[in-house]
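Heads up, the thing below is written out as structure tokens.
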Amino acid sequence: MTAQRSSGDPGMTLNGQPSSLAGIDPSTNALDFIRDRGFTGAKEGCAEGECGACSIMVLRPDGEGRSRWTAINACLIPALTLDGQEVVTAEGIGTPTDLHPVQREMAVRGGSQCGYCTPGFICSMAAEYYRPDRAAGGHDCAEHGANGFDLHSLSGNLCRCTGYRPIRDAAYALGDADPSDERVTRLATAAPAGAATQVEHEFGRFVRPTTLAEAIEILQREPDAMIVAGSTDWGVDVNIKGARAGLVVAIDRLAEMRGLEFTDEFVEIGAALTLSEVERLLDGRVPLLAQLFPQFASRLIRNGGTIGGNLGTGSPIGDTPPALLALEAVLVLTGPAGDREVPLADYFTGYRQTVRAKDELIRAIRIPLPLSGLTAFHKIAKRRFDDISSVAVGLALEIEGGVEGGIVRKARIGLGGVAATPIRATATEQALVGKPWTAQTAAEAAEVLGREGTPMDDHRASADYRAATLRTALPKLFAETTQEVAS
Ligand SMILES: Cc1cc2nc3c(=O)[nH]c(=O)nc-3n(C[C@H](O)[C@H](O)[C@H](O)COP(=O)(O)OP(=O)(O)OC[C@H]3O[C@@H](n4cnc5c(N)ncnc54)[C@H](O)[C@@H]3O)c2cc1C
Ligand code: FES
Ligand code: FES
């Protein structure tokens with residue numbers, strides 16, 4: 001089941017067999033490609049990353065020379081991004097005469113009725129079944145089974161008719177994977193690297209450079225090229241808004257943008273790491289981000305979307321900017337002249353506008369150390385999971401003398417959804433510094449926070465609602481910290 005790439009033609013290994021990508025144009029998504037090859041289990045429900053009916057498994061590197069089966073949304077990625085990769089669909093997981101344990105449990109526990117969503121659930125569930133640390137990290141709680149199964153792995157899969165309880169029953173009934181299962185043995189060795197893809201098609205070109213220098217050279221030559229990382233934003237534009245690019249440059253596998261390193265002064269996070277990879281590699285060492293990750297979209301989106309892509313959009317409602325503003329993050333932009341550092345607070349210049357030049361990439365994000373002692377991320381959205389923020393607040397406070405009545409020495413607050421760009425709540429920060437951390441201080445500063453930004457009415461929330469939610473952030477943080485002390 002090793003990936004094959006013959007005679008320079010692009011191609012993937014699909015359910016164990018070579019599948020040529022020759023003649024495929026850059027806007028054809030992986031779902032259409034796979035279905036056209038006869039694997040029609042994966043479905044199109046929404047074409048915008050919301051339903052998971054299109055979920056497939058791809059082998060991804062774990063950063064330590066081994067691999068992980070990773071479920072992603074096939075509807076969002078150009079098929080050409082899978083050049084050289086190993087891909088498995090529900091048909092490749094098991095067959096009607098030889099059901100995989102995941103398929104068997106879904107069948108016998110009534111986890112499928114109309115079946116439209118089922119192949120997608122099977123892929124997400126199988127990826128979690130094969131997660132190497134599943135059993136070891138197993139704990140029985142509201143969102144994990146005693147078998148270590150993390151229900152969040154299914155947070156990007158919607159089912160309209162069965163109801164989720166039988167699906168959860170199936171997930172929680174799974175045993176450990178058989179060590180001789182070929183998908184388990186495959187995890188011990190490296191996943192395929194990103195292939196050096198170059199495709200010219202009458203409807204556009206697709207290039208995957210293999211070095212950062214090559215990528216920058218291309219952008220210098222062709223500044224209007226579309227940079228694509230995880231394609232969770234770009235895929236929606238292609239499918240729903242009909243966006244097309246003359247040249248797509250895929251940057252998500254560039255090694256120079258995929259490291260994560262702690263130094264004495266900062267932690268540097270490679271911009272091309274997916275949100276799931278950052279979450280796993282940080283392993284809770286940046287508590288503010290640890291709070292954010294479970295609230296960011298779904299596991300399927302976090303498996304594809306990168307942290308750099310979240311900043312690359314320049315969106316005022318991205319989730320990482322408020323958190324990274326509170327953490328005083330600095331972006332490392334790489335262009336023809338090399339690296340330059342830009343504090344995130346200076347990066348956004350207007351609605352979806354930034355200081356990044358067209359021939360620059362966000363290479364990494366640096367978070368200064370040490371971190372502030374009291375941090376929190378509050379996201380207000382219409383749904384708990386898989387939804388974009390109406391308002392997001394990142395909070396980082398340094399309190400001298402402990403959270404009960406100690407003095408606020410430093411405050412950094414990042415806001416999303418209340419202005420044309422993510423912003424720092426500087427007036428509130430000033431209102432907090434030098435004050436004792438008490439309910440009264442939190443209430444007074446909350447009034448200042450409610451007046452920050454220029455919130456608007458839109459389909460997600462009214463301006464009044466946004467201001468009202470801002471006013472809740474500090475009292476909520478105060479209540480949380482004092483409850484922690486009391487317990
Ligand atoms: C169903 C769904 C739910 C979502 N939920 C959330 C959510 O809860 N919170 C949230 O914040 N976002 C959410 N998103 C948006 C999206 O997933 C994120 O913005 C994600 O981080 C984008 O990363 P990507 O790698 O997929 O970006 P891409 O789509 O590949 O690129 C996005 C933009 O960034 C640019 N870009 C990418 N990488 C770089 C780089 N290194 N340097 C310079 N420019 C770059 C691209 O040119 C493009 O303009 C959601 C999207 C979907 C489809
Ligand atoms: S078709 Fe709905 S997430 Fe892909
Ligand atoms: S079984 Fe019908 S949508 Fe899930």
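Listed values, structure above:
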{"item": "Selection from the stretch 243-266 of residues that are part of a strand (DSSP E or B), surrounded by fewer than 17 Cβ atoms within 10 Å (Cβ to Cβ) and touching an Asp or Glu at 6+ places or on another chain (Cβ under 6 Å)", "result": "E261"}
{"item": "Odd one out for V207, checked against (1) within 30 Å of G23 (Cα to Cα); (2) open to solvent by less than 40 Å² (accessible area, probe 1.4 Å); (3) in contact with a Gly (Cβ under 6 Å, 6 or more places away or on another chain); (4) more than 16 Å from ligand 2 (Cβ to nearest atom)", "result": "(3)"}
{"item": "Sole residue being farther than 27 Å from E143 by Cβ and away from ligand 3 (no atom under 16 Å from the Cβ), chosen from G350, G416", "result": "G350"}
{"item": "Hits in the stretch 298-320 - residues which are touching a Gly at 6+ places or on another chain (Cβ under 6 Å), over 24 Å from M57 (Cβ atoms) and buried (at least 24 other Cβ atoms within 10 Å of the Cβ)", "result": "none"}
{"item": "Selected residue (only one of I216, I240, I227, I269 is open to solvent by 50 Å² or more (accessible area, probe 1.4 Å), touching a residue at least 60 places away in the same chain (Cβ under 8 Å) and either within 16 Å of ligand 2 (Cβ to nearest atom) or outside any loop (DSSP other than H, G, I, E, B) (or both))", "result": "I240"}
{"item": "Qualifying residue in the stretch 455-464 (condition: open to solvent by less than 30 Å² (accessible area, probe 1.4 Å), modelled with pLDDT under 95 and not in a loop (DSSP other than H, G, I, E, B))", "result": "yes"}
{"item": "Qualifying residue in the stretch 351-367 (condition: open to solvent by less than 10 Å² (accessible area, probe 1.4 Å) and more than 23 Å from the chain's Cα centre (by Cα))", "result": "no"}
{"item": "Per-region count, the stretch 155-186, residues open to solvent by less than 20 Å² (accessible area, probe 1.4 Å) and either hydrophobic (A, V, I, L, M, F, W, C) or free of Cβ contacts under 8 Å to residues at least 24 places away in the same chain (or both)", "result": "5"}
{"item": "The one condition in (1) part of a helix (DSSP H, G or I); (2) closer than 29 Å to A272 by Cα; (3) of a type outside the set (F, W, Y) that A170 fails to fulfil", "result": "(2)"}
{"item": "Condition broken by M125, with the remaining ones in (1) open to solvent by 10 Å² or more (accessible area, probe 1.4 Å); (2) at negative phi; (3) without any contact (Cβ under 8 Å) to a residue 60 or more places away in the chain satisfied", "result": "(1)"}
{"item": "Within the stretch 45-62, tally of residues that are among the acidic types (D, E) and within 13 Å of ligand 3 (Cβ to nearest atom)", "result": "0"}
{"item": "One residue from L369, L397 being touching a Leu at 6+ places or on another chain (Cβ under 8 Å) and either at pLDDT 95 or above or not assigned by TED's automatic domain parsing to the domain that holds R340 (or both)", "result": "L397"}
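The values are calculated or read from the model by the stated rules, or taken from the named source; none is laboratory data. Owing to the predicted nature of the structure, the values given are computational and were not obtained by experimental measurement. Glycine gets a Cβ as well: all are built from the backbone with ideal geometry, and neighbour counts include every protein chain shown. With ligands, DNA and RNA removed, areas are computed over all heavy atoms of the protein, side chains included. Shrake-Rupley method; radii C 1.70, N 1.55, O 1.52, S 1.80 Å.
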